[in-house]
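See structure below.
The values are calculated or read from the model by the stated rules, or taken from the named source; none is laboratory data. In this text, all values refer to a predicted model and were calculated from it rather than measured experimentally. Cβ: placed from backbone, ideal geometry, glycine included. Neighbour counts: every protein chain shown.
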Amino acid sequence: MQEIIALAEFVSKNKIKKIEQVALKGKTRTHLKVLYQQLASGKGGTEEEISTSFYGDNPHKSMYFSRLKRQLRDRLVNTIFLIDANLPAFNEYQKAYYSCYKDMVASKILLGRHARPAAIPLAQETLKKALSFGFTDIILGIAKDLQVHYGGLIGDKKKYTAYKKIVTEYTNIYFAELKAEEYYLAITFNYAKSTGSKVELADLAQQYYQELAELIQHTQSYRLCYLFYQVSLLRFEITNDYENSLKVCEEALDFFQSDQRYMVHSQSVKVSFMNKSLACHLRLQQYTEGEALSKKALQSVPEGSINWFNTLSYYITICFHSQQYQKAYQIYEQATGHPKFKHLIQNKSEIWNIFQAYVHYFIMLGKIKPDLSQSSTSKFRASKFLNQVPTFSRDKQGANISILILHTLFLLAQGDYNKIIDRVESLNMYTHRYLRKDDTFRSNCFIKMLVQLPHGNFVYKPVMRKVHRYWEALQSMPLVTARQNAELEVVPYETLWEYVLQALKGAPRE
């Protein structure tokens with residue numbers, strides 16, 4: 001169902017002309033039209049409710065509705081080719097991207113249907129545009145067709161030789177891009193479901209970087225250079241070397257902004273390096289620079305895109321770190337209130353559940369004044385929080401640390417000491433079982449500090465005596481030098497401990 005909802009919203013957003021006449025015609029036109037309108041508007045209800053509205057209590061309604069969904073999906077997929085690539089919402093790169101891919105498919109269909117007089121001029125025109133934008137797969141796909149046409153059918157040596165040269169050149173580029181992508185994914189794959197540190201990958205990243213640095217001396221393309229800088233950046237990200245990471249980001253931004261060959265490419269590439277820079281500013285505690293760059297990045301990328309949400313996630317974390325809690329709340333509402341938010345992939349949306357929990361925590365502390373008309377905060381239930389992050393809850397050295405800490409902070413803010421006592425043993429076991437002294441050392445220290453709350457009977461001075469050695473250990477490894485993942489501490493542990501102590505000082509028994 002989610003697949004069809006996304007298609008319907010996409011078609012509706014792009015305002016494809018004559019959809020009802022082209023995609024929704026036929027005997028089942030009425031049901032198709034109604035289903036499309038419901039899904040595109042986001043007011044369709046549950047799958048059971050929609051199927052019942054169409055077929056009532058018919059015992060075969062499940063089968064009928066599955067057939068209707070399949071028909072709508074197929075027609076919407078066909079409708080995608082009616083997108084007008086010249087809409088004002090598209091930049092030059094996007095217009096070229098859509099038109100080149102569409103025209104390449106059209107030329108291949110024409111060739112397959114023996115309409116060469118129409119296919120070849122279209123292929124030549126598309127190739128020219130693809131070459132100017134560096135769409136390697138399109139260039140290679142079309143140039144091969146033209147090489148066959150002029151070499152095997154027409155016998156035009158000059159044109160055959162020209163297209164053969166393009167095929168040879170872009171075959172090398174294509175395989176170079178494949179290698180770069182393989183190296184990049186071989187590292188980033190390890191972070192898809194875990195935000196924990198992966199320092200063991202540092203040597204591999206360095207090896208990949210050296211190979212690609214040699215490769216781009218002989219072969220260059222926009223995508224190859226992009227992946228090269230990503231791998232170059234990973235060398236330092238893995239070891240949490242934020243100063244050198246920031247230098248690589250600045251080098252990449254300078255490259256893509258100054259090289260005339262790549263000026264036409266999408267702003268989203270530049271924003272991706274801006275977002276990487278934001279992570280560096282965050283860990284280097286350069287909050288003013290980070291906030292300014294966040295605003296610049298948000299102006300450079302389309303609302304609702306993956307990079308837009310990524311920028312907001314860094315921006316909200318910068319606000320949490322700099323104790324701008326009301327602004328963090330506004331960013332949270334901006335992100336979660338966007339229609340595209342519900343289509344984020346799971347591990348991207350779950351971090352916003354953690355942000356929501358922090359927002360609610362600071363509402364409880366009186367640090368945030370919420371807009372009560374916003375459903376995102378009014379519907380939050382702390383008791384359900386642990387069950388709302390299924391991916392990260394298995395990430396024992398990553399975001400699950402935030403979940404465990406937040407749960408304890410909620411209980412303390414609510415004065416529910418008995419439940420904290422019940423959790424002490426499991427917290428102790430967690431630190432021994434999952435937290436290592438290197439990349440999760442600060443988290444280890446902070447959780448052990450929380451464990452001391454019952455041992456100090458939740459009284460300020462006894463607790464301070466119990467936590468002293470763990471506090472000293474935490475101070476011995478400042479956040480800026482810690483080897484943990486950059487986003488592990490949404491709020492620095494030193495700041496959270498201040499609020500823990502305030503709760504103890506305000507407790508009735510003190």
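The single condition among (1) farther than 25 Å from residue 480 by Cβ; (2) surrounded by 15 or more Cβ atoms within 10 Å (Cβ to Cβ); (3) in contact with a Ser or Thr (Cβ under 8 Å, 6 or more places away or on another chain); (4) of a type outside the set (A, V, I, L, M, F, W, C) that residue 338 does not satisfy is (3). Run residue 489 past the list (1) farther than 30 Å from residue 315 by Cα; (2) at pLDDT 85 or above; (3) not β-branched (Val, Ile, Thr) and report the number of the one that doesn't hold. Of the numbered conditions (1) farther than 30 Å from residue 315 by Cα; (2) at pLDDT 85 or above; (3) not β-branched (Val, Ile, Thr), the odd one out for residue 489 is (1). Here residue 107 fulfils each of the conditions (1) in contact (Cβ under 8 Å) with a residue 40 or more places away in the chain; (2) surrounded by 15 or more Cβ atoms within 10 Å (Cβ to Cβ); (3) of a type in the set (S, T, N, Q) apart from (1).
Yes/no per residue for (1) surrounded by fewer than 19 Cβ atoms within 10 Å (Cβ to Cβ); (2) under 26 Å from residue 441 (Cβ atoms); (3) touching a Pro at 6+ places or on another chain (Cβ under 8 Å); (4) among the hydroxyl-bearing types (Ser, Thr, Tyr):
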| position | (1), (2), (3), (4) |
| --- | --- |
| 179 | yes, no, no, no |
| 182 | yes, no, no, no |
| 204 | yes, yes, no, no |
| 207 | yes, no, no, no |
| 226 | no, no, no, yes |
| 232 | no, no, no, yes |
| 243 | yes, yes, no, no |
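Would you confirm, using the coordinates I've provided, whether residue 444 is part of a helix (DSSP H, G or I) and modelled with pLDDT under 65? The answer is no for residue 444. For residues in the stretch 184-202 being touching a Lys or Arg at 6+ places or on another chain (Cβ under 9 Å) and in a helix (DSSP H, G or I), which is surrounded by the most Cβ atoms within 10 Å (Cβ to Cβ)? Among those that are touching a Lys or Arg at 6+ places or on another chain (Cβ under 9 Å) and in a helix (DSSP H, G or I), it is 187. Of the residues making up the stretch 102-158, just one is modelled with pLDDT of 95 or more and aromatic (Phe, Trp, Tyr), namely 150. Restricting attention to the stretch 48-66, the residues being surrounded by 13 or more Cβ atoms within 10 Å (Cβ to Cβ) and of a type in the set (D, E, K, R) number 1. Do the conditions hold for residue 410, that is, is it at pLDDT below 95, under 16 Å from residue 354 (Cα atoms) and outside the structural domain of residue 352 (by TED's automatic domain parsing)? Yes; evaluated as a whole, the condition is true for this residue. Can you find even one residue in the stretch 72-86 that is closer than 21 Å to residue 303 by Cα and free of Cβ contacts under 8 Å to residues at least 60 places away in the same chain? Looking through the stretch 72-86, at least one residue is closer than 21 Å to residue 303 by Cα and free of Cβ contacts under 8 Å to residues at least 60 places away in the same chain.
For the stretch 29-47, give me each residue that is assigned to a loop (DSSP other than H, G, I, E, B) and surrounded by 15 or more Cβ atoms within 10 Å (Cβ to Cβ). Selection gives 44 alone. When residue 59 is tested against the conditions (1) modelled with pLDDT of 80 or more; (2) farther than 23 Å from residue 304 by Cβ; (3) assigned to a helix (DSSP H, G or I), the lone failure is (3). The criterion of at least 3 residues that are within 25 Å of residue 338 (Cα to Cα) is met, among helices (runs of 4 or more DSSP H) falling completely within the stretch 225-317, by 267-283, 287-298. If you go through the stretch 274-308 and keep only what is within 29 Å of residue 494 (Cα to Cα), touching a residue at least 40 places away in the same chain (Cβ under 8 Å) and either assigned by TED's automatic domain parsing to the domain that holds residue 478 or under 15 Å from the mean Cα position of the chain (by Cα) (or both), you end up with 276, 278, 279. Please work out if residue 470 is modelled with pLDDT under 90 and either assigned by TED's automatic domain parsing to the domain that holds residue 502 or crowded, with 17+ Cβ neighbours inside 10 Å (or both). So residue 470 does not fit the description; no.
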